[in-house]
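Down below is the structure, laid out as structure tokens.
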Amino acid sequence: MTASPEEPRTLRVGLLQTAPVFGAVEENLTRIAELHNGLGPVDLALTPELSANGYGFTPYQRTDELFSEDDPRLAALVSAGIGVGFAERSGSGLPWNSYLLSDPLTGTRHLQRKLQPVSYAPWNEHLSFQAGAELRTADIRAARIATAICNDMWHPVIPWLAAQGGAEVLVVPVASMEGTDPARIRRTWEVILEHTAVLLQCYVVFVNRCGTDEGARFWGGSRVLGPDGGVLARLGDGPGAAVAELDLTALRRLRAEVPLLAEARTEFLSGALSTGPGPARELRHV
């Protein structure tokens, strides 16, 4: 009897740092494809938050600016293993800020809707998007993957729940602008990403956009972090691409030897949430 081939233990990930323009959907998708064509062989290639639509500060006015999960305009990119961020049409109310990944080999699709649209100026995303209700994980190639879209990472329970759901790779598509204190925002993201990678023992793939959109400047700096907090690949402040190979065998060995996630005292959660401040909100973890 012939032995079955050994399951791959690495994941080769590409960063596609783009500068989308709000409302220029076709041009944005074309730029993603062009950048991907020069990347070389990867298992997944990842783009920033709202990479198809660009980042606007006003609600969407036209239905042709919105996408469905199976939109033919996204099909070629998604089937090639490119993660795309887009404004997803909803049958009830505002659209979702969504991100879609697909495994080209198995056809497995991973759709995540932003759970925490920013509710304060200058972003005011709650006026343009409704919040997602589920935190999902999916098996893509050799890895269990979850997605946390930009502001979701500023709510630490979200990446923690993803890791508790088995996520080994956390995809973080972002549209982070410089604001009035660029050094502070960059340092804040460094702390968030390193903290997540080390304490949740996972790879973190941070994909920020760059360029100027709707008068705001975005700083790029996309990178991949390993579970020791070290940077495996990094981009600058302009459009570009980079590749990192994620060693899943080493990650699983680390989790077995230092079982931080396995030893989490999750039985405390129900009591803590029932007495905590603020209104209770349901978040389904699937």
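The values are calculated or read from the model by the stated rules, or taken from the named source; none is laboratory data. Quick caveat: nothing in here was measured; it's all calculated off a predicted structure. A quick note on method: Cβ atoms are made from the backbone with ideal geometry, for glycine too, and the neighbour counts reach across all protein chains shown. Protein only, heavy atoms only, side chains kept; ligands, DNA and RNA dropped before computing areas. Shrake-Rupley method; radii C 1.70, N 1.55, O 1.52, S 1.80 Å.
Annotations
- Rounded percent of accessible protein surface that carbon and sulfur make up, the chain, 1.4 Å probe: 55 percent
- Theoretical FRET efficiency, 1/(1+(r/R0)^6), r = Cβ-Cβ of residue 217 and residue 126, R0 25 Å, to 0.05: 0.65
- Translational diffusion coefficient of the range 62-103 (Stokes-Einstein, Kirkwood radius from Cα pairs, 37 °C, 0.692 mPa s): 309 µm²/s.
- Sum of side-chain charges, residue 204 neighbourhood, beta-carbon under 13 Å (Lys, Arg +1; Asp, Glu -1): -3
- Per-residue HN-Hα couplings for the range 127-135 [Karplus 6.51, -1.76, 1.60; θ = phi - 60°; Hz; x = Gly/Pro]: 7, 10, 9, 8, 7, x, 10, 10, 9
- The range 26-69 versus the range 153-185: alpha-carbon centroid distance in Å: 19 Å
- Of all stretches in the chain that contain no GluC sites (Glu not before Pro) in a DSSP loop with at most 12 other Cβ atoms within 10 Å, the longest one is 7-262.
- Residue 69-residue 57 pseudo-label distance in nm [points 7 Å out on the Cα-to-Cβ vector]: 3.3 nm
- In the full protein context, the chain carries 46 Å² of accessible surface per residue, based on a 1.4 Å probe and ignoring ligands, DNA and RNA.
- Candidates 215, 236, 107, ranked by Gaussian network fluctuation over the chain, Cα under 10 Å, top entry: 215
- Selected from 70, 247, 139 as most flexible by GNM, with the chain as the system and alpha-carbon contacts under 10 Å: 70
- Among the listed values (1) 18.2, 56; (2) 18.3, 65; (3) 21.2, 66, the one matching Rg and Dmax of the Cα atoms in Å as calculated from this structure is (2).
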